[in-house]
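Data first, discussion second: the structure below is written as structure tokens.
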Amino acid sequence: MDGMLLKRMLRRPWMLLVSFAVSGTLCLLLCLLIGYRDRQQAHLDEIRNSYEIKAVVTDLRGTKSDNLGLSRRYTDFLLDTENGIGAYVRDLCLTKTFMELSGSGYAAVVGVSDERCMDATDRRIGGDWFSEVKDFYNSEEMICLVPSSDYSRHAGQEITLLLQDGYAMDKDRIETYTFRVVGWFKGGAHAVYIPYRTSQTIAAHLAEAPSTDKASFTVKDNAKLDEMLEIAYKRFRKVDPSRTDYDFALTVYDKQYRATIASMEQNLRRTSLLLPLIGLLGLGAGFLLGLLGTRGEVRIYALMRTLGMNGFGLFCSVMIEQLFAPLLAAAVIGFIFKRPLPTLIFFGCHLVGCALAVLRPVSVSPTRLLREQE
């Protein structure tokens, strides 16, 4: 029987070639489409994980982001991980600036919470700094960083500065503070940097109510952006250029991110819609090739039935004959592209279509065929 099956397959080599070519083309198309979809999904995930969404606290009109005079009510909300948005942010930059009036050559003393707060210390854009205190930005000590040009003559020593807080109720209140020089920052800016927490202690003493001049952060998890905004807008307002009252807004630079994500998601949806179409084409190809392969073979199938082959055995024999070339094509494509699952899906669709075409001619009974011919 195996020899007969082989002879039946080889008697129409053109059919084998057509079946191999059609099946291979559709299987290749399916593999390429799934590969493209997977790459797009990986790119989308990469953007979601790596895209930096910046947020800045501004005035209500969105025109001013410095010298805001934020009270502890707002900064605590940014830091609070339970009732605020502290759990949703990273690289939180808080700054507080004092005027320096002693004539030391430094125009200001600036409290900073992170190296990204100032260009001179932001290593991402070429800044650099050094501190002998390991956790300088979270320290509460009276320590400071001076410009690199001054560090050699101040290293390890103390400097005394006369500070004034512009937000103090008593504008004439000026106090002297002593800081230990523990490091330097790149450049020759006329300022001294101190830890943000230290600046808040000084502000509480000078102005009785600590304040913050500037606040910004990066969203920690972009997937939770909307969740973060829902909480954030319970304390901050949305930017409204028409408003002039004194309040604070949160400006989130997420338009480019949202536009990119929306475009890629739409592209993914279109690609995903094409996958069932390839499956239907595989089913249709199987049905059409099955019809062509069994056309004019009804008498031979009936004769095989009269020779003792049962209906199921005949069906299996014809299916093997019809599916040999598609199976070979799917195996070759799957091996080349290392994608066994798409090739199995295609072959399954092709098998169903072929089975629908083969079922009718192999199920015709010999007696019925003879009766029709009479």
Taking a cut-off of 26 Å between Cα atoms, list the lysines near Lys255, but don't count ones fewer than 8 places away on the same chain. Lys54, Lys64, Lys214, Lys220, Lys224, Lys234, Lys238
Given backbone amide H placed at 1.01 Å from N, residues whose amide H is under 5 Å from that of Ala249, ignoring those fewer than 5 places away on the same chain, are Thr58, Asp59, Leu60, Arg237
Whole-number D in µm²/s for the chain (Stokes-Einstein; Kirkwood sum over Cα pairs; 10 °C, 1.306 mPa s): 58
In the chain, which cysteines lack any other cysteine Cβ under 4.7 Å from their own? Cys27, Cys31, Cys144, Cys316, Cys349, Cys354
Using a/c under 1.5 as the rounded threshold, could you call region 165-274 rounded, prolate or oblate? The axes a ≥ b ≥ c are square roots of the C-alpha gyration tensor eigenvalues, and prolate needs a/b larger than b/c, oblate otherwise. prolate
Quick check on region 137-267: of the DSSP beta bridges with both residues there, what percent are antiparallel, nearest 5%? 55
Qualifying trypsin sites (Lys or Arg not before Pro) in region 264-369, DSSP loop, other Cβ atoms within 10 Å at most 16: Arg295, Lys338
So what are the ³J(HN,Hα) numbers for region 215-226, from phi and the Karplus equation (6.51, -1.76, 1.60; θ = phi - 60°), rounded to whole Hz, Gly and Pro as x? 9, 8, 7, 10, 5, 6, 10, 4, 5, 9, 4, 5
With only alpha-carbon atoms counted, please give the Rg and Dmax of region 75-140, in Å. 14.3, 44
Under Karplus coefficients 6.51, -1.76 and 1.60, residue-wise ³J(HN,Hα) of region 33-38 in Hz, glycine/proline x: 5, 5, x, 5, 4, 5
In the chain, what percentage of the DSSP-assigned beta bridges are antiparallel, given to the nearest 5? 75
Exactly which GluC sites (Glu not before Pro) in region 36-99 are in a DSSP loop and have at most 12 other Cβ atoms within 10 Å? Glu52, Glu82
Given the -39500 (n - 2.57) contribution per DSSP H run of 4+ residues, what per-residue ellipticity at 222 nm results for the chain, rounded to the nearest 500 deg cm²/dmol? -17000 deg cm²/dmol
For Thr244, Thr198, Thr260, which order do you get if you count the other beta carbons within 10 Å of each Cβ and list the fewest first? Thr244, Thr260, Thr198
Can you run phi through the Karplus equation (6.51, -1.76, 1.60; θ = phi - 60°) for region 302-307 and list ³J(HN,Hα) in whole Hz, with x for Gly and Pro? 5, 5, 5, 5, 6, 7
Percent of alpha-carbon pairs separated by more than 25 Å within region 54-253: 39
Between the DSSP loop rule and a limit of at most 14 other Cβ atoms within 10 Å, which chymotrypsin sites (Phe, Trp or Tyr not before Pro) in region 202-273 are left? Tyr233, Tyr246
Footprinting exposure proxy for Met15, Met118 (fewest neighbouring C-beta atoms within 10 Å first): Met15, Met118
Length released on extending from Ser149 to Asn83, taking residue separation times 0.36 nm less the Cα-Cα span: 19.4 nm
Expressed as an acute angle from 0 to 90° and rounded to the nearest 10, what is the orientation of the C-alpha long axis of helix 255-294 relative to the principal long axis of the chain? 10
What size of dipole, in debye to the nearest 20, comes out for the chain about its Cα centre when the only charges are +1 on Lys and Arg C-beta atoms and -1 on Asp and Glu C-beta atoms? 2920
Rounded, prolate or oblate (a/c below 1.5 giving rounded, otherwise prolate when a/b exceeds b/c) for region 241-374 by Cα gyration tensor: prolate
Rg from C-alpha atoms of region 15-140, normalised by the globular rule of thumb 2.2 N^0.38 Å, equals 1.92
Size of electric dipole in region 54-253: Cβ of Lys, Arg +1 and of Asp, Glu -1, about Cα centre, debye, nearest 20: 400
What residues qualify as long-range amide H neighbours of Val192, i.e. H under 5 Å apart, gap of 5 or more or another chain, H built at 1.01 Å from N? Ala108, Val109, Val110
Report for region 54-253 the percent antiparallel among DSSP-assigned beta bridges with both residues inside it, nearest 5. 75
Considering just Cα atoms, how many Å³ per residue does the convex hull of region 122-168 enclose? 147
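Where a number appears in this text, it was derived from the coordinates with a stated rule and is not lab data. Computed from a prediction, not measured in an experiment: that's the story for all the values here. Glycine also receives a Cβ, built like all others from the backbone with ideal geometry; neighbour counts cover every protein chain displayed.
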